[in-house]
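These notes are about the structure you will find just below.
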Amino acid sequence: MDVWQESFELSVNLCKQLRENRNYGLRDQIQRSAISIPSNIAEGFERKSNKEFIQYLHIAQGSCAELRTQLMITKEAQLLEITDTGKLIEKTRKISAMLHKLIQTRKTKF
């Protein structure tokens, strides 16, 4: 799935960038929310029930919003050194839109 691939790449990118950061609390929170997105997509897909899959897609979408908020705070407060924070924020918007479209498709076709 494209949305899983996009969110996986975002997670790996953030984990690599934050690996050496010593702001442990914020770093860990950002990594957890980023990792939660592809993880919930995968878990929902493996459930084999459309209703459960949609539920997990909603959870992934919530994690995406959480990550976007954390990145926005980080950018405004200059709390972490993350390259291209604006592009990462935009990527979360793209992933969220992809999740929304997938949820709508699963609701109408299955």
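Here, each number is a calculation from the coordinates, and none is a lab measurement. Since the structure is predicted, the reported quantities are computational estimates derived from the model, not experimental observations. Backbone-built Cβ (ideal geometry, glycine too); neighbour counts: all protein chains shown.
Listing for the model above:
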| quantity | calculated |
| --- | --- |
| Filtered residue count, the range 60-98, keeping only those that are assigned to a helix (DSSP H, G or I) and in contact (Cβ under 8 Å) with a residue 60 or more places away in the chain | 6 |
| Qualifying residue in the range 13-35 (condition: part of a loop (DSSP other than H, G, I, E, B), more than 18 Å from MET1 (Cα to Cα) and in contact (Cβ under 8 Å) with a residue 24 or more places away in the chain) | yes |
| Test result for LYS48, within 17 Å of TRP4 (Cβ to Cβ) and not aromatic (Phe, Trp, Tyr) | yes |
| Qualifying position, being at positive phi and loosely packed, with under 15 Cβ neighbours inside 10 Å, among LYS109, LYS48, LYS16, LYS87 | LYS48 |
| Members of the range 10-68 found to be hydrophobic (A, V, I, L, M, F, W, C) and in contact with a Cys (Cβ under 6 Å, 6 or more places away or on another chain), listed by number | ILE37 |
